[in-house]
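Just below is one structure, and these are the notes that go with it.
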Amino acid sequence: MSRQPRTQNVTTDAGEARITWVTSPAPRLVLAVGHGAGGGIEARDLKALAAALPGHGVTVALVEQPWRVAGKKVAPAPKTLDTGWRGLWPALAAPGLPVVSGGRSAGARVACRTATELGAAGVLVLSFPLHPPGKPEKSRAGELLGAGVPTLVVQGGNDPFGRPDEFPPGPYELAEVDHGDHGFAVPKRSGATEEQTMRVVTDAVTEWIASLG
């Protein structure tokens with residue numbers, strides 16, 4: 001049985017951030033996941049991971065960047081997001097366990113950019129925005145390829161920010177969510193329910209984390 005989530009406010013150079021801890025009864029590592037530029041920790045995939053992973057020895061830390069905590073509608077520049085993530089890291093590492101750095105969309109980019117310097121045990125990339133919709137020439141592949149630690153990408157098959165077949169070869173694993181869009185929503189005609197779709201996400205993450213040792 002998972003424990004009740006607890007929140008922790010953390011002061012960073014980018015402002016006050018918030019961690020919602022969903023603790024495993026027998027944790028062996030921490031998975032820290034940040035939200036995207038268009039939403040918060042209520043995203044369906046983040047909620048699914050927080051529900052599923054504590055039973056597999058993973059404490060999930062749902063991270064809200066300072067701009068979200070402050071109630072702002074627009075995310076700041078990438079370097080400010082990185083500053084917030086760096087400021088949170090000591091709190092994420094405080095349990096004394098390995099920390100997998102992760103996030104969805106813009107949060108995934110932050111995790112990739114900072115993984116090596118922060119000593120992350122791995123990077124979980126949810127819905128990586130490989131390029132702006134309709135602009136494949138504006139690739140952000142360099143951030144993903146430069147993560148420098150074991151990396152799992154979970155990508156929707158119909159993500160307008162980059163379909164799985166658009167990703168370059170590199171030192172990462174990729175799990176595809178069939179028919180999924182950028183938020184892992186799938187059309188009714190696919191025949192898949194949201195529960196089934198989220199199971200694809202959580203199973204892929206659980207298996208990958210187990211492979212980290």
Could you look through segment 146-163, keep only residues that are open to solvent by less than 60 Å² (accessible area, probe 1.4 Å) and among the polar types (S, T, N, Q), and pick out the one that is farthest from Thr206 (Cα to Cα)? Gln155
Which listed residue is of a type outside the set (Gly, Ala, Ser), more than 17 Å from the chain's Cα centre (by Cα), more than 20 Å from Leu118 (Cβ to Cβ) and surrounded by 15 or more Cβ atoms within 10 Å (Cβ to Cβ), from Val74, Val22, Val69: Val69
Determine which member of the set Asp13, Asp82, Asp45 is among the charged types (D, E, K, R), farther than 24 Å from Ala204 by Cα and touching a residue at least 40 places away in the same chain (Cβ under 8 Å). Asp13
Tell me, please, whether a residue that is surrounded by 14 or more Cβ atoms within 10 Å (Cβ to Cβ), out of contact with any Asp or Glu (no Cβ under 6 Å at 6 or more places or on another chain), in contact (Cβ under 8 Å) with a residue 40 or more places away in the chain and not in a loop (DSSP other than H, G, I, E, B) can be found in segment 164-175. no
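Among the residues of segment 182-206, what is the count of those that are under 18 Å from Lys47 (Cα atoms) and either open to solvent by 60 Å² or more (accessible area, probe 1.4 Å) or part of a helix (DSSP H, G or I) (or both)?
The number of residues fulfilling the criteria is 14.
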Please enumerate the residues belonging to segment 127-145 that are out of contact with any Gly (no Cβ under 9 Å at 6 or more places or on another chain) and either open to solvent by less than 50 Å² (accessible area, probe 1.4 Å) or touching a residue at least 40 places away in the same chain (Cβ under 8 Å) (or both). Pro132, Glu143
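The values are calculated or read from the model by the stated rules, or taken from the named source; none is laboratory data. Since this is a predicted model, take the numbers as computed values, not measurements. Ideal geometry is used to build each Cβ from the backbone, glycine not excepted, and the neighbour counts take in all protein chains shown. Just so you know, the surface numbers come from the protein's heavy atoms only, side chains and all, with ligands and any DNA or RNA stripped out. Shrake-Rupley method; radii C 1.70, N 1.55, O 1.52, S 1.80 Å.
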